[in-house]
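A short write-up of the structure that comes next.
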Amino acid sequence: MAKTRSRQGGKSGYLLFLLPGVLLFTAVIVIPLIMNIGISFTRWQGIGTPQWVGLEHYERLLGDANFWASFRNILFIIVAMVVVPTLLGLFLAAVLFDYVGKKIGPGTASVFRSGLYLPQVLPVAVTGIVWGWFLNSSTGVFNSILDSIGLGFLAQNWLGDPKWALWSVMFVMVWVQLGYPVVMFMSGLQRVDPELYEAADLDGAGWWQKFTRIAVHLIKPEIYVVLVTTTISALKIFGQIFVLTRGGPGNSTLVPSYFAWQNFFEKFNAGYGAAISTVLTLIIIVLTYVFLRIQTADERRGA
Amino acid sequence: MSTQTVKKAKQGGLATKTLVLAGLTVFTGLVLAPFLVVLINAFKSSEDYSQGGPLALPSTLYFQGMIDFWNRVEFGEKLWNSFVIAASVAVLAVIISVLNAYAIGIGRLRGRTAFLMFFLLANLLPQEALVYPLYYLSKQFDLYNTRLMVIIILTAIQAAFGTYLLSSVFRDFPPSLLEAAALDGAGKLRTLIRVVVPTSWPTLSVLFTFFFIWTWNEFFLPLIFLIDNDLQTVPLALAVLQGQREVDITTTAASALLGIVPAVLFFLIFQRTLTRGVMSGAVK
């Protein structure tokens with residue numbers, strides 16, 4: 001009774017609390033987003049009057065080698081930021097939680113967890129500076145290690161050679177991302193009921209079976225969260241590319257967000273930049289929607 | 001089972017234990033090695049570096065590189081800029097998130113799912129899709145090249161995430177507490193300040209920590225909106241310095257160390273909050 005009354009009584013009162021947020025979001029997100037879509041249909045240098053060109057920019061995108069390169073590169077970045085960290089993270093989390101945590105001590109497990117998570121807290125610019133130095137062709141740490149152990153012939157211009165640049169960026173991104181799934185999956189594993197394991201033990205299940213049949217199954221929510229959030233941050237990657245390679249050499253490490261930035265602030269082609277970022281936004285929204293649908297469908301099946 | 005087999009099994013267990021620990025230590029060591037390399041090179045002189053290479057320990061502790069770097073970029077000023085921006089954004093974004101989530105999660109407004117989807121999307125948007133209009137508008141309103149502009153934009157973006165997360169936390173807010181407050185004659189604002197905020201303080205502190213660190217690490221928006229040297233943040237100052245050609249390796253190492261130290265300090269201070277936050281953000 002009291003509940004229904006309080007629910008009906010004065011919803012408008014709650015609406016008032018939404019006011020500052022709505023005003024802020026309208027000014028910072030809604031209006032600029034709509035403007036950006038508008039700009040994408042115009043030719044505009046940022047000054048003067050924008051000139052309506054309709055879908056011209058989008059047509060041009062379809063034939064632009066840089067645009068396709070940026071999306072091809074993003075697929076590689078997704079491997080480095082999503083696929084590898086998730087698989088490796090699952091394995092590490094299982095070893096740390098099930099083995100180290102239970103047989104050696106939870107303290108030891110959390111020390112390893114913290115160590116693996118540390119690269120996550122660095123500002124992207126700092127990550128870029130550190131790895132830019134390590135991978136530098138002449139003064140870099142990598143090449144000088146190779147030299148000192150007699151493998152100098154393996155030295156490469158890691159970031160300056162189109163053959164290696166994308167792989168080097170991928171390597172850095174694995175380093176950055178690994179800790180996140182480890183932390184997430186370890187916390188998920190805490191929810192696994194030990195009785196399930198004991199029952200499986202009685203049935204004679206090995207560690208691998210328990211891991212794949214019970215653990216992975218039960219931490220599905222965490223796996224979804226990691227997959228969604230890392231895929232989106234892979235699509236949005238900018239800072240590391242800006243500091244490490246600036247999309248080069250050529251377009252070998254070009255990504256959509258850097259490509260858009262270039263058009264906005266280097267080539268003064270706001271319309272084209274807006275078209276690129278609008279496409280990127282659409283892709284992210286569609287992908288998120290698909291992910292959420294798969295997740296809810298899966299939850300319903302599980303329930 | 002004979003005692004001997006038990007003994008053997010235990011020994012086998014010990015061997016596996018050592019093996020697993022050694023493997024993990026080597027792997028984690030490799031992940032952390034860059035931090036160590038930065039540390040030892042930040043205290044070398046250029047001559048020392050060219051003689052011993054990047055992996056040797058410094059022959060003497062050389063502080064001049066770091067001091068020169070500090071003065072060159074006026075690092076103290078950059079720290080202050082970063083702190084002002086990160087702290088303002090964290091406070092404002094928590095306040096906006098609480099207000100939004102109070103209306104959506106506890107007020108259960110009609111259309112709350114649509115609201116939530118909107119806030120989720122606002123957080124997912126690539127900043128590139130907003131930045132040019134914001135850049136243009138900031139010039140129209142004389143806010144370009146000010147810390148205030150960066151604070152306003154980042155508050156909105158962080159609050160979008162905060163609203164999304166907090167709304168689901170508030171949905172499960174114990175109704176008995178709200179009813180008790182209502183019986184005491186507390187209005188909505190009083191209930192929020194006296195009951196809801198104190199009860200959810202742990203979650204709010206997690207949000208604050210996240211917002212602070214994310215804002216501190218932010219690169220894209222300061223790159224575009226903070227042009228003047230004396231407004232720049234730590235990450236931006238480091239990246240700009242790096243773009244200048246004549247920077248030598250030991251300066252790079254010194255600058256990297258000064259960029260790493262605050263981040264690692266936050267990490268150590270907030271470690272518990274952070275892991276708790278990663279977890280609570282995960283499954284809701």
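The values are calculated or read from the model by the stated rules, or taken from the named source; none is laboratory data. Since we're looking at a predicted model, the values are computed, not measured. Cβ sites come from the backbone with ideal geometry, for glycine too, and all protein chains shown count toward neighbours. With ligands, DNA and RNA removed, areas are computed over all heavy atoms of the protein, side chains included. Shrake-Rupley method; radii C 1.70, N 1.55, O 1.52, S 1.80 Å.
When segment A:160-204 is examined, which residues are found to be under 19 Å from the mean Cα position of the chain (by Cα) and among the hydroxyl-bearing types (S, T, Y)? Answer for segment A:160-204, where residues must be under 19 Å from the mean Cα position of the chain (by Cα) and among the hydroxyl-bearing types (S, T, Y): A:S168, A:Y180.
Among the residues of segment A:134-153, those that are farther than 16 Å from B:L32 by Cα and either facing chain B (nearest Cβ under 9 Å) or among the small types (G, A, S) (or both) comprise A:N136, A:S137, A:S138, A:T139, A:G140, A:S144, A:I145, A:D147, A:S148, A:G150, A:G152. Restricted to segment A:207-258, the set of helices (runs of 4 or more DSSP H) holding at least 1 residues that are farther than 19 Å from A:W68 by Cα and at the interface with chain B (Cβ under 9 Å from one of its Cβ atoms) comprises A:220-235, A:239-244.
Listed conditions (1) open to solvent by less than 60 Å² (accessible area, probe 1.4 Å); (2) more than 13 Å from chain B (Cβ to nearest Cβ); (3) modelled with pLDDT of 85 or more are all met by A:I294, apart from (1). Checking each residue in segment B:240-250 for being part of a helix (DSSP H, G or I) and either open to solvent by 20 Å² or more (accessible area, probe 1.4 Å) or at pLDDT 90 or above (or both) picks out B:V240, B:Q242, B:G243, B:I249.
Residues are listed down the side, and each one gets a yes or a no for (1) more than 24 Å from B:F35 (Cβ to Cβ); (2) touching a helix residue (DSSP H, G or I) at 6+ places or on another chain (Cβ under 8 Å); (3) touching a residue at least 24 places away in the same chain (Cβ under 8 Å):
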position	(1), (2), (3)
A:I145	no, no, no
A:V172	no, yes, yes
A:R191	yes, yes, yes
A:G206	yes, no, no
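Conditions tested, residue by residue: (1) modelled with pLDDT of 95 or more; (2) open to solvent by 10 Å² or more (accessible area, probe 1.4 Å); (3) among the aromatic types (F, W, Y).
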residue: A:N36; (1), (2), (3): yes, no, no
residue: A:I39; (1), (2), (3): yes, yes, no
residue: A:R43; (1), (2), (3): no, yes, no
residue: A:P50; (1), (2), (3): no, yes, no
residue: A:V53; (1), (2), (3): no, yes, no
residue: A:Y58; (1), (2), (3): yes, yes, yes
residue: A:N73; (1), (2), (3): yes, no, no
residue: A:I77; (1), (2), (3): yes, no, no
residue: A:V83; (1), (2), (3): yes, yes, no
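Only a single item in (1) part of a helix (DSSP H, G or I); (2) surrounded by 18 or more Cβ atoms within 10 Å (Cβ to Cβ) is not met by B:L39, and it is number (2). Quick check on segment A:98-114. Is at least one of its residues more than 8 Å from chain B (Cβ to nearest Cβ), open to solvent by less than 20 Å² (accessible area, probe 1.4 Å) and part of a loop (DSSP other than H, G, I, E, B)? Yes, there is a match, as at least one residue in segment A:98-114 is more than 8 Å from chain B (Cβ to nearest Cβ), open to solvent by less than 20 Å² (accessible area, probe 1.4 Å) and part of a loop (DSSP other than H, G, I, E, B).
Scanning segment A:32-42 turns up one or more residues that are more than 11 Å from every other protein chain (Cβ to nearest Cβ) and either within 30 Å of B:R112 (Cβ to Cβ) or in contact with a Phe, Trp or Tyr (Cβ under 8 Å, 6 or more places away or on another chain) (or both). With a requirement of 2 or more residues that are closer than 23 Å to B:A101 by Cβ and within 7 Å of chain A (Cβ to nearest Cβ), the helices (runs of 4 or more DSSP H) lying completely within segment B:115-189 that satisfy it span B:147-171, B:175-183. For segment B:200-227, a residue qualifies if it is under 30 Å from B:L178 (Cα atoms) and part of a loop (DSSP other than H, G, I, E, B), and exactly one does: B:S200.
Among the numbered conditions (1) under 20 Å from the mean Cα position of the chain (by Cα); (2) open to solvent by less than 40 Å² (accessible area, probe 1.4 Å); (3) of a type outside the set (S, T, N, Q), the only one that A:I214 does not meet is (1). Here B:A114 passes the criteria (1) over 20 Å from B:V247 (Cβ atoms); (2) surrounded by 14 or more Cβ atoms within 10 Å (Cβ to Cβ) except the one numbered (2).
Within segment A:271-287, residues that are within 8 Å of chain B (Cβ to nearest Cβ) and without any contact (Cβ under 8 Å) to a residue 12 or more places away in the chain sit with their Cβ atoms under 7 Å from residues that are in a helix (DSSP H, G or I) and open to solvent by 10 Å² or more (accessible area, probe 1.4 Å), at 6+ positions apart or across chains, in these pairs: A:I285/B:L121. Inspect segment A:233-252 for any residue being touching a residue at least 24 places away in the same chain (Cβ under 8 Å), closer than 30 Å to A:F97 by Cα, surrounded by 14 or more Cβ atoms within 10 Å (Cβ to Cβ) and of a type in the set (V, I, T) and give the result as yes or no. No, segment A:233-252 contains no residue that is touching a residue at least 24 places away in the same chain (Cβ under 8 Å), closer than 30 Å to A:F97 by Cα, surrounded by 14 or more Cβ atoms within 10 Å (Cβ to Cβ) and of a type in the set (V, I, T). Scanning segment B:66-94 for residues that are polar (S, T, N, Q) and surrounded by fewer than 15 Cβ atoms within 10 Å (Cβ to Cβ) turns up just one, B:N71. Looking at B:F266, B:F270, just one residue is among the aromatic types (F, W, Y), closer than 30 Å to B:P54 by Cα, open to solvent by 10 Å² or more (accessible area, probe 1.4 Å) and part of a helix (DSSP H, G or I), and that residue is B:F266.
For the subset of segment A:127-156 comprising residues that are in a loop (DSSP other than H, G, I, E, B) and open to solvent by 70 Å² or more (accessible area, probe 1.4 Å), which member is modelled with the highest pLDDT? It comes out as A:I149.
As a summary of the residue check, B:F27 satisfies the conditions (1) open to solvent by 30 Å² or more (accessible area, probe 1.4 Å); (2) at pLDDT below 90; (3) within 12 Å of another protein chain (Cβ to nearest Cβ) except for the one numbered (2). Quick check: anything in segment B:98-106 more than 8 Å from chain A (Cβ to nearest Cβ), surrounded by 15 or more Cβ atoms within 10 Å (Cβ to Cβ), at pLDDT 95 or above and under 30 Å from B:V169 (Cα atoms)? Scanning segment B:98-106 turns up at least one residue that is more than 8 Å from chain A (Cβ to nearest Cβ), surrounded by 15 or more Cβ atoms within 10 Å (Cβ to Cβ), at pLDDT 95 or above and under 30 Å from B:V169 (Cα atoms). The residue list B:W214, B:W201 contains one member that is surrounded by 15 or more Cβ atoms within 10 Å (Cβ to Cβ) and of a type outside the set (K, R), which is B:W214. For segment A:91-109, residues that are closer than 22 Å to A:H217 by Cβ, among the charged types (D, E, K, R) and without any contact (Cβ under 8 Å) to a residue 60 or more places away in the chain total 1. As for segment A:192-199, it holds at least one residue that is modelled with pLDDT under 85, open to solvent by 40 Å² or more (accessible area, probe 1.4 Å) and either within 14 Å of another protein chain (Cβ to nearest Cβ) or outside any helix (DSSP H, G or I) (or both).
Quick check on segment B:83-97. Is at least one of its residues polar (S, T, N, Q) and within 12 Å of chain A (Cβ to nearest Cβ)? Yes, some residue in segment B:83-97 is polar (S, T, N, Q) and within 12 Å of chain A (Cβ to nearest Cβ). Criterion applied to B:T113, B:T163 was being under 25 Å from B:L207 (Cα atoms) and at pLDDT 90 or above, and the one residue passing it is B:T163.
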